[in-house]
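The values are calculated or read from the model by the stated rules, or taken from the named source; none is laboratory data. Because the structure is a prediction, the values reported are computed rather than measured. Quick reminder, even Gly has a Cβ in these numbers, built from the backbone with ideal geometry, and neighbours come from all protein chains shown. What goes into the accessible areas is simple: the full protein's heavy atoms, side chains included, and nothing from ligands, DNA or RNA. Shrake-Rupley method; radii C 1.70, N 1.55, O 1.52, S 1.80 Å.
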Amino acid sequence: MSLLNLLSLQDDEIDIATTVVHEWCSLHQTPIDSDRGHAAMAEVVRLLLSGEKSPVLISDALAHHVRLDQFKSPTD
């Protein structure tokens, strides 16, 4: 998924996306402009485009998604 999908979001959705990803990156000491930061943003945008609007549920889904990715690739 391209980060250009952010352009498909409404202003309030962009605020949700940036807030959730910023908080996730801060919590995990990950630069937002890193590969992991971009992957987090892509996942959050995917969730928003699929219709999820709750920041809490999006944060939980992002945490779950990241845990699954680490399980698939534990050396990262």
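Side notes on the structure shown:
- The 3J(HN,Hα) values that the Karplus relation (6.51, -1.76, 1.60; θ = phi - 60°) gives for the range 18-26 are, in residue order, 5, 5, 4, 5, 4, 5, 5, 5, 5 Hz. Gly and Pro appear as x.
- List L57, L4, L62, ordered by accessible area with a 1.4 Å probe, largest first: L4, L57, L62
- Note that the range 1-43 presents 65 Å² accessible area per residue, ligands and nucleic acids not counted, probe 1.4 Å.
- K53 sits among other residues whose Cβ lies under 12 Å from its own Cβ, and their net charge, with Lys and Arg +1 and Asp and Glu -1, is -4.
- Neighbours of C25 by Cβ distance under 13 Å: Lys/Arg scored +1, Asp/Glu scored -1, total -3.
- Rounded to the nearest 10 Å², the accessible area of V45 at probe 1.4 Å: 0 Å²
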